[in-house]
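What follows is calculated from the coordinates using simple rules that are stated; it is not laboratory data. Predicted model only: the values in this text are computed from it and were never measured. When we count neighbours, we look across all protein chains shown, and the Cβ atoms used for this are built from the backbone with ideal geometry, even at glycine.
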Amino acid sequence: MTPFKIGYLVGTLISPLVLMLIIGTIYYFIKGRSIPYWKAVFSRWVIVSSLILSLISFVGRFSSDLQQDASHVYPEKDVKAFTEGCLSGAKGKKVDIKVAEKLCSCSITEIQKAYTYGEFKKIDLEMQNSKSIPSGFRNIVTSCAQK
């Protein structure tokens with residue numbers, strides 16, 4: 001599990017508790033400190049409202065992930081990783097760096113046009129596992145090399 005996934009999981013699990021503290025504190029002050037703080041934080045409506053807000057937040061995060069997967073615009077980190085991998089492969093084959101940069105830039109641009117981000121992630125994972133380039137990617141690189 002990556003550090004990002006661990007942080008995401010921890011954040012997802014802790015956010016209802018943080019919301020309970022915030023909402024409970026507000027409720028405590030609205031009540032004019034007439035009830036114990038712990039009763040304000042653990043009141044039924046504070047717990048329910050915190051869970052509802054957390055659920056809404058989770059649904060929002062999930063839907064934004066789905067939108068990203070369906071997009072033809074890739075996150076910068078993935079474009080950079082692809083380009084760096086492409087350049088290192090070209091260096092291993094003794095290709096001129098300027099030619100390699102042009103080829104790699106063209107390739108990722110054309111790949112973004114041809115594949116959604118979700119498809120790209122799936123193909124990238126398959127490439128890492130099989131150590132071979134799929135024919136669709138190979139055709140794109142070949143067409144970029146001919147330009």
For the residue pair H72 and I56, what label-to-label distance in nm results when each label sits 7 Å from Cα along the Cα-to-beta-carbon direction? 3.5
Computed lengthening from T116 to V99, 0.36 nm per intervening residue step minus Cα-Cα distance: 3.5 nm
I need the peptides 101-114, 78-91, 119-132 ranked by packing, meaning the mean over residues of other C-beta atoms within 10 angstrom, with the highest value on top. 101-114, 78-91, 119-132
Among A40, L87, Y117, the residue whose Cα sits farthest towards the positive end of the charge dipole of the chain (+1 at Cβ of Lys and Arg, -1 at Cβ of Asp and Glu, taken about the Cα centre) is A40
XL table K80/K121; K102/K147; K94/K121; K121/K147; K77/K98; K5/K131; Cα-Cα > 19 Å flagged, in table order, is K94/K121; K121/K147; K77/K98; K5/K131
